[in-house]
1. Identify all residues within the range 93-119 that are outside any loop (DSSP other than H, G, I, E, B), touching a residue at least 12 places away in the same chain (Cβ under 8 Å) and of a type outside the set (Phe, Trp, Tyr); write none if there are none.
2. For Ala74, are the conditions met, namely being of a type in the set (Gly, Ala, Ser), in contact with a Ser or Thr (Cβ under 7 Å, 6 or more places away or on another chain) and buried (at least 20 other Cβ atoms within 10 Å of the Cβ)?
3. Quick one: which of Glu134, Glu124, Glu168, Glu148 is surrounded by fewer than 21 Cβ atoms within 10 Å (Cβ to Cβ) and in a helix (DSSP H, G or I)?
Amino acid sequence: MKKNITLILIVIAFLIVGGVGFYLFENGKLPGFKSTEQVEPKINLEDKSNILNKDNFSLEMPDGWVEVANPQSALLTAVDTKEIITDTNAQKINFRSYFSVIPDTLGEQSKDSFYQTVKDSLNEAISDISFTHEGKAVVDNKDNYFLEAEFNQQEIDFKILLSINIGEKDVWIMSFNTLKSSWDNYKDVFYNTAKSLKVKQI
């Protein structure tokens, strides 16, 4: 369990602190930079919605967002191709608002205990993190924990939303990341995308 949560935090910290744009830029996967090569989303044409189907899950992809190369243990990473970054420090690391989908397992922990472990691990990993809002809902007929947080890295104010969907054994974490100044523009997009998650029974 500790190992899996550590992998989740590596993804979050790597993409935010290292800059998802920098990672994608260096690997030629960021639209408008070294290469325009992207992973084509599988769109369900019958209902004309942007449903992205993966092997183990599906979700509704926000308009203008595209799937890109996945770092670390994420199964999906997507960025907003329409975003215009005006923050000079964010521009330096080629930051783009993004979200990732990361799988985990519940193990021997209770759902509340797992959620608390994620919070404790974030506190340990990011010293100045501030949890600004917590909530709980039912998503895909499972308990879903929402956690909003803010912190500053490299003189950039970030805001994240973690959506933690917990079943009987499996856990699906969605990490949504943007600039604090852009939060109002992305809040509804992030929550709606999180609530569209459907895990496939394999």
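Read-outs throughout are calculated quantities, based only on the coordinates presented, and are distinct from any laboratory measurement. Note that this is a predicted model, so its numbers are computed, not measured. Every residue, glycine among them, receives a Cβ derived from its backbone with ideal geometry; neighbour counts consider all protein chains shown.
1. Ser100, Val101, Ile102, Pro103, Asp104, Thr105, Lys111, Thr117, Val118, Lys119
2. When the stated conditions are applied, Ala74 passes them.
3. Criteria check complete, one pass: Glu124.
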